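Read the structure below first, then the notes.
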Amino acid sequence: GGDSKPLSFIHIDDYPKETILKILERSKEVKAAITAYDHSYKPFADKTMAMIFTKPSMRTRVSFETGFYLLGGHAIYLDPKSIELGKREETRDIARVLSNYNDIIMARLFAHQDALDLAKYATVPVINGLTDYNHPCQIMADALTIQEVTGGLEGAKVVYVGDGNNIVHSWLRLAAIVPLHFVCACPRGFEPDAATVELARKAGVSKIEISNDPMEAVKDATVVYSDVWASMGQKEEAAARLSRFQGFQVNDEMMKRAGKDAYFMHCLPAERGKEVTDSVMEAPNSIVFQQAENRMHAQNGVMLHVMGC
Ligand code: CP
Ligand code: NVA
């Protein structure tokens, strides 16, 4: 660690719009090289990354580990049992120990406060790989994907249908810095965090709507976006949520209402037959696998930025 506080990536709006757009441009450049099998760029040679997971993951683990490796570094996966963050050892101690072994830390956590504490006590950059509160790396990948398929992100109408969860909070925070029309259509009682809605509205950058009428909300959407109705940590509420979310399934009828130009996105993993049908997942305008692929490329851009490369 050095004298000054390293850069971290805990919320998407930790950076101004210009920086976010610059990171996305860098992501595209590095994606072009990687997808052309040009592996000559190794800025992370002799660098190591500690990856803390207190929750399950497929995309986040594999995309970070692969991306860091392809850029020359070595990533260490710490599963939920090996640290038992907050139980075997306090977050502030973990942060300082790992900072002395590793050049960067990535963490997927329950409590958002743990992400804040890691960044506070670490002397290396910390990247948020999802907390109960937000998922900034996902929304970076989503933004990259929307740029790729539509040619631009600004002014896009993004209609999220489902639970007002961590994904929604990161969209709201992106909307606080990049001009969008963001709509969250959710059942009553499942609205996103009020302070985060307020933060996005107060920024005065985007049009922000919270709706309880998904069929109305999706009209003229650039993107209809879905996520599970019961997030990690809420799986025991799954049955109760299933009945509360009736009418919020993204199906052919809803996509028809959105219009023929609307794309379908989902952060994955999806519970097909619940929040989204098979037919929407498999439709030609479903970009969920391009979106998942872009996790790696967007995160490479984020890592390069916080590492000062
Ligand atoms: N979208 C996402 O973060 O997937 P994982 O939970 O598999 O990492
Ligand atoms: N809202 C979901 C996102 C998974 C990537 C969860 O937190 O489980």
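Taking the Cα centre of the chain as origin and charging only Cβ (+1 Lys, Arg; -1 Asp, Glu), how large is the dipole, in debye to the nearest 20? Write down the numbers at each step before the final one.
Working: 34 positive and 40 negative charges, 37 e Å.
In debye, rounded to 20, the chain gives about 180.
Which of 273, 10, 304 sits closest to the plus end of the dipole of the chain, meaning its Cα is farthest towards the positive end, when Lys and Arg get +1 and Asp and Glu get -1 on the C-beta?
In the chain, that residue is 304.
State, to one decimal in nm, how far the label point of residue 238 lies from the label point of residue 33, with both points 7 Å from Cα in the Cβ direction.
Modelled inter-label distance: 4.2 nm.
Out of all Cα-Cα pairs in the chain, roughly what percent, to the nearest whole number, are more than 31 Å apart? Let's see the in-between values first.
On the way: 13011 of 47586 pairs.
When all Cα pairs of the chain are counted, 27 percent exceed 31 Å.
Once you list every other residue whose beta carbon is under 10 Å from the beta carbon of residue 180, what net charge do they have if Lys and Arg are +1 and Asp and Glu are -1?
+1
For region 20-57, state which chymotrypsin sites (Phe, Trp or Tyr not before Pro) are in a DSSP loop and have at most 14 other beta carbons lying within 10 Å of their beta carbon.
Working: sites: 37, 41, 44, 53; in loops: 37, 41, 44.
Passing both the DSSP loop test and the Cβ count: 37.
Can you give the local net charge around residue 292? Use residues other than it whose beta-carbon is closer than 11 angstrom to its beta-carbon, Lys and Arg +1, Asp and Glu -1. The partial results should precede the final answer.
Numbers: positive: 59, 295; negative: 142, 293.
Summing Lys and Arg as +1 and Asp and Glu as -1 gives 0.
Please get the size of the charge dipole for region 50-131, origin at its Cα centre, with Cβ charges of +1 on Lys and Arg and -1 on Asp and Glu, quoted in debye to the nearest 20.
Values: 10 positive and 9 negative charges, 37 e Å.
Dipole about the Cα centre, nearest 20: 180 debye.
Neighbour counts of other C-beta atoms within 10 Å: give me 169, 11, 181 arranged from fewest to most. List each step's numbers first, then the result.
On the way: 169 28, 11 23, 181 17.
Fewest-to-most Cβ neighbours within 10 Å comes out as 181, 11, 169.
Among 73, 44, 56, whose Cα sits farthest toward the positive end of the charge dipole of region 26-76 (+1 at Cβ of Lys/Arg, -1 at Cβ of Asp/Glu, about the Cα centre)?
56
Nearest 500 deg cm²/dmol is fine: what mean residue ellipticity at 222 nm does the chain get from its DSSP H runs of n ≥ 4 alone, each adding -39,500 (n - 2.57), divided by its residue count?
On the way: 13 runs with 133 residues, N = 309.
Calculated mean residue ellipticity at 222 nm is -12500 deg cm²/dmol.
Please order 196, 131 by the number of other Cβ within 10 Å, starting at the fewest.
On the way: 196 20, 131 24.
Result, fewest neighbours first: 196, 131.
For the residues 64, 245, what sequence is obtained by ranking on other C-beta atoms within 10 Å, fewest first? Write out the running numbers ahead of the final one.
Values: 64 27, 245 20.
Ascending number of Cβ neighbours within 10 Å: 245, 64.
How many angstrom lie between the Cα centre of region 77-120 and the Cα centre of region 220-257?
Value for the Cα centre distance between the two parts: 32 Å.
In degrees between 0 and 90, to the nearest 10, how far off the longest principal axis of the chain does helix 288-306 point, with axes built from Cα atoms?
Relative to the chain, helix 288-306 is tipped by roughly 40 degrees.
For helix 91-101, report the angle its Cα long axis makes with the longest principal axis of the Cα atoms of the chain; keep it between 0 and 90° and round to the nearest 10°.
Compared with the principal axis, the helix lies near 50 degrees.
Could you give the length gained by full extension between residue 40 and residue 76, i.e. 0.36 nm per residue of separation minus their alpha carbon distance, to one decimal place? Write out the running numbers ahead of the final one.
Numbers: separation 36, 0.36 × 36 = 12.96 nm, distance 2.22 nm.
Gain in length upon complete extension: 10.7 nm.
If you take every DSSP beta bridge whose two residues both sit in the chain, what share of them, in percent to the nearest 5, is antiparallel?
Values: 0 of 36 bridges.
Rounded to the nearest five, the antiparallel share is 0 percent.
Just so you know, all these numbers are worked out from the coordinates, no wet-lab data involved. A quick note: this is a predicted structure, and the numbers were derived from the prediction, not measured. In this analysis, Cβ positions are derived from the backbone assuming ideal geometry, glycine residues included, and neighbour counts consider all displayed protein chains.
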